[in-house]
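I have placed the structure first, in the form of structure tokens, so that the comments after it can refer back to it.
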Amino acid sequence: MSDLRSSIESATSARKKWRLPAIAFAILLIAGIAFAATRGGGADPGAADGAPVRGGTLQFALIDYQRSPDPQWGTNYAESLIGNNITDKLTWQDPKTGEITPWLAQSWEYNKDLTEFTFHLRRDVTFSDGSPFNAEAVKANFDQYVHGDPSLGILPNGATLLPGYLETRVVDEYTAVVRFEKPLASFLQASSFTANAQPGFLSPSTLKLSAQQRTDPKKVIGTGPFVYESWEPQAKTVLVKRNGYNWAPPALRHQGEAYLDRIVFNTIPEASVRTGSLVSGTIDATLDVGTTDEKPLSAQGFEILHRGVSGTAIRFDFNSSLFPTNDIAVRKAIQLGWDRQTVQKTILTDSYSVANSILEPSVPGHVDYSGSVLKYDPEQAARILDEAGWVTGPDGIRVKEGKKLVVKLLGINNLVVNKPAYESIQQDLRKIGIDLQLTVVPIPDYTAQQAKAKTDWNVVAANRSRNDPAVLNLQYGPQNGNGAYVTKDSTGVDADEVTQVLGRLETTLDPAARTQYAKEAQDILLDKYALVNPVYNPSQVIAQAPYVHGIVFDAQSRNHFVDTWKSDGK
Amino acid sequence: MLRYVALKAGRAAFVVWAAFTLTFVLLFVLPANPVDLLFDPTELNSVPPEVRAQVADSYGFNEPVLLQYLGRLGHALRGDFGTSVQSGQSVSAVVLDVLPHTLVLAVGALLLALVIAFAIALVATSTRHQWLRNLVESLPTASVSVPVFLSGILLLQIFSFKLGWFPSFGDQGWRSLVLPLITLAIPVSGPIAQLLVRCFAAEFRSGYVTTSWAKGATRSRVVVGDVFRNASLPALTIAAVTFGNLVAGSVITETVFARKGLGRMTQTAINTLDLPLVQGIVVFVAVTFALINLVVDLIYPLLDPRLRATFAVPTGPSGGLRRTS
């Protein structure tokens, strides 16, 4: 700045009086924020239990959103969860015992072959557009659910749930017979299925609509305890109570309509915003609670609800026809070679558990293998590898016939604890000379890679929610999912035996026989051929304010809100 | 002049066509079979082959690639990008549905960023205290280096969870916009402010300013009356270019504040490899950018008399045209 200019400038009188108040104001503002920040929100102190209160709106948060309001379409958690509250199923599976109990079907019988299932329907059920729920509606739903409708853009969503579906026969208005080409014992459980792409019943008027028209939520009509009020992709879905609803599953012991007037399913992708909104009282309950948030939330008085996702554990499926996992010694060593305590203590919370079988403990027929093949025994693992001719190389990784013991794993990163759990296993296995190489990627990459799993990957990690032991046949039966890629050429594996043993699960509904078959299936998968290494049981975790009551976890660990109420009734 | 317009319009059309073709090629180079993506990955092995064939057929994935390309191009020319694989909705409808939300966010943040930038430049120029000038001049650098994710969460912690002044998620009128706008405007204001500070300083030292001083103008009169007007134009130019960054930045802002919008939709579409949707979004964004550039190209001669003169004197095709960006 020139001297001339400075002199001109300093000649002008400065008016500085505003500055002091401004600084004072700024200090006050900062102090105010700091004070408010230290005060903390906290939940309302425990409201009393007691008689359910009618009315109120439940503000619920979850990570995902419904991409379409059509419940038969959706393959994410939000879609199945919301779909369960606007539609009903034929049967209800008791989440504790696994027993199939009545719902829209009052009773049922099946033929000896388990290829024909006859359902006797309730007579008082209507869709929310007033049309009756009857055998015709069951037929129209199942036909479209399995076959899809290309002219309407409807995908064959149910093709994987109901394999070998032939037809539904309408015997009379309230009797429907569902027929399959092969025995399908697991269909009885499938008739209660509440997870992805579920068989929730839609009104005949909805079935006539194209996929695009079904994105108008007002036209998606079910028989459920709630009906759509609005659907905003990416943001929220609002359900309101269905007046006159009176057919909740008898096992729930809930009479009549839902207690809540309205449920708002808010999509909040960011974990800290979900918990922050819960603590500040903007929402009443949230799903998808992170493992690190559980403790702080319960310390602040929020209730943590959780249920393991029934079905298979998160597991490593070994590719039994690809080197080196075609060697049973390698598979057995991996089962024995990692410390489950470490995973439970350092990675999981109390809401999760380390797997002691391929089946999650709540699935009927579950057997505990934690004392035998699924224990931590690095010495034995090393011995098995030694005996099989795997010699430790200079870098600590074992070698056989010039080839290294490198096991390539493909996994999904959709659950937060997956990668840390796999990394813990990786470290332990390295100690006994196995190089487990992890590729844990988002779902589309996983899907793309999985199509090449037979030739490219030794281990594919996944889970499946299906609360029926026949899930083992669906996932590992060589003629079904064939998760372990068992072929006639698999070394040391009798493919016919696997087919037969797993296939038996579809041939009986006698509880004692099923328990026996489920044990044989687990024996052959875990012990005899070591085709799978179960890791941990995933869980669905909810945090809720103390005034929220009666959120139900069903057998697939999805939530139902027909029995939910808020003691403040707001 | 006509030749100039045709040239610029042709270039815009080429950009859009190239975006369409590139995404199409990418989709088919990707390792995934589009049919696989329609099913739950854990059930992929149990999908019967006839079901797979039926689905491929209904989406047209089994036709020769060239036919698929021409078919899609033909439809796209009529504004039809097919249906989203993940929702069954029409791609154009989905994009047009979320667009206003992103536009409000982007335009609002841009305006706010300009206000912040001008405020910084004005303070830096008009203050006579070296320490204040240094402090203010360091703000743009700081604002660029704070991750949007972090500032968003911080703002939420204070103004939403603790003070309860603004909603923490969703869309509840103007109050839902305040925090996302601030979050998005902070990093965008940085580059604009830096440019402004430099321009202001340069203008402040120029001859006509000294003349004003000599005529007895006050400091504020000089800054507002002379410097502000003349130093603002470059900032407006860069603001238009920054618009692209805003759309990109909206992905994180929309995720943190759980707002619906194009950013989050793009992310979901890519995460689920919803191919028709990805293509629709890419082409749409390309159209927007091509249009903005075209408009700027066409307006430029109207604003700058020197440029108009080049049309009068034939100096070869678009000779002497100055276009930055």
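Bear in mind that the values in this text are calculations on the coordinates, not laboratory data. Computed from a predicted model, the values in this text were never measured in an experiment. Cβ coordinates were reconstructed from backbone atoms using ideal geometry, including for glycine residues, and neighbour counts include every protein chain displayed.
Tabulated results
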{"item": "³J(HN,Hα) computed for each position of the stretch A:545-552 - Karplus, 6.51 cos²θ - 1.76 cosθ + 1.60, integer Hz, glycine/proline x", "result": "5, x, 8, 9, 9, x, 7, 9"}
{"item": "The stretch A:455-552: trypsin sites (Lys or Arg not before Pro) falling in loop per DSSP and having at most 14 other Cβ within 10 Å", "result": "A:488"}
{"item": "Gain on full stretching of the segment that runs from residue A:479 to residue A:437 - 0.36 nm per residue minus C-alpha separation", "result": "12.2 nm"}
{"item": "Degrees separating the helix B:2-29 axis from the principal Cα axis of chain B, which is the longest one", "result": "50"}
{"item": "Under Karplus coefficients 6.51, -1.76 and 1.60, residue-wise ³J(HN,Hα) of the stretch B:139-152 in Hz, glycine/proline x", "result": "4, x, 4, 4, 5, 6, 8, 7, x, 4, 4, 5, 5, x"}
{"item": "Within the protein assembly as shown: Cβ-based charge dipole about Cα centre, in debye rounded to nearest 20 (Lys, Arg +1; Asp, Glu -1)", "result": "4620"}
{"item": "Residue B:83 long-range amide H proximity, modeled H, under 5 Å", "result": "B:91"}
{"item": "From the C-alpha gyration tensor of the stretch B:1-153, square roots of 5λ in Å", "result": "48, 25, 14"}
{"item": "Kyte-Doolittle mean at least 1.0 and Cα axial length at least 15 Å: DSSP H helices in chain A", "result": "A:19-39"}
{"item": "For residue A:307, residues with placed amide H under 5 Å, excluding near neighbours", "result": "A:540"}
{"item": "Efficiency of FRET between residue A:419 and residue A:341 - r from beta-carbon atoms, R0 25 angstrom, step 0.05", "result": "0.85"}
{"item": "In Hz, Karplus ³J(HN,Hα) per residue of the stretch B:208-214 (6.51, -1.76, 1.60; θ = phi - 60°; x = Gly, Pro)", "result": "5, 5, 4, 4, 4, 4, 4"}
{"item": "Gyration tensor over alpha-carbon atoms, the protein assembly as shown, equivalent ellipsoid semi-axes in Å", "result": "56, 32, 31"}
{"item": "The stretch A:464-515 shape via C-alpha gyration tensor axes, a/c threshold 1.5", "result": "oblate"}
{"item": "Difference of contour (0.36 nm per residue) and Cα-Cα distance, residue A:370 to residue A:295", "result": "24.3 nm"}
{"item": "Estimated [θ] at 222 nm from DSSP helical runs (n ≥ 4, -39500 (n - 2.57)) normalised by residues in chain A, nearest 500", "result": "-7500 deg cm²/dmol"}
{"item": "Computed label-point distance, nm, for sites residue B:208 and residue B:135 using a 7 Å Cα→Cβ extension", "result": "3.3"}
{"item": "Extension gain from residue B:309 to residue B:28, taking 0.36 nm per residue of separation minus the Cα-Cα distance", "result": "96.3 nm"}
{"item": "Pairwise label distance in nanometres, residue A:395 with residue A:430, each label 7 Å out on the Cα-Cβ vector", "result": "1.2"}
{"item": "Under 19 Å from the Cα of residue B:260 - lysines, other chains or at least 8 residues apart", "result": "A:236"}
{"item": "Cα centroid of the stretch A:373-406 to Cα centroid of the stretch A:131-208, whole Å", "result": "50"}
{"item": "Of all DSSP beta bridges in the protein assembly as shown, antiparallel share, percent nearest 5", "result": "80"}
{"item": "Theoretical FRET efficiency, 1/(1+(r/R0)^6), r = Cβ-Cβ of residue A:54 and residue B:292, R0 56 Å, to 0.05", "result": "0.55"}
{"item": "Nearest 10 degrees, 0 to 90: helix B:275-303 Cα axis against chain B principal axis", "result": "30"}
{"item": "Rounded FRET efficiency, nearest 0.05, which uses the C-beta distance separating residue B:241 from residue A:96 and R0 of 51 Å", "result": "0.25"}
{"item": "Relative contact order for chain B, counting Cα pairs under 8 Å that sit 6 or more residues apart, in percent", "result": "26"}
{"item": "Loop trypsin sites (Lys or Arg not before Pro), the stretch B:155-263, which have at most 16 other Cβ atoms in a 10 Å radius of their Cβ (DSSP)", "result": "B:205, B:215"}
{"item": "C-alpha center-to-center spacing [the stretch A:445-512, the stretch A:233-280] in angstrom", "result": "36"}
{"item": "Over 27 Å between alpha carbons, listed pairs A:403/A:431; A:89/A:182; A:139/A:219; A:89/A:452", "result": "A:89/A:452"}
{"item": "Helix B:229-256 vs. chain B, principal-axis angle (Cα, 0 to 90°, nearest 10)", "result": "30"}
{"item": "Under DSSP loop assignment and at most 12 Cβ neighbours within 10 Å, longest chymotrypsin sites (Phe, Trp or Tyr not before Pro)-free interval of chain B", "result": "B:1-164"}
{"item": "Residues with amide H under 5 Å from that of residue A:231, placed H, sequence gap 5 or more", "result": "A:238"}
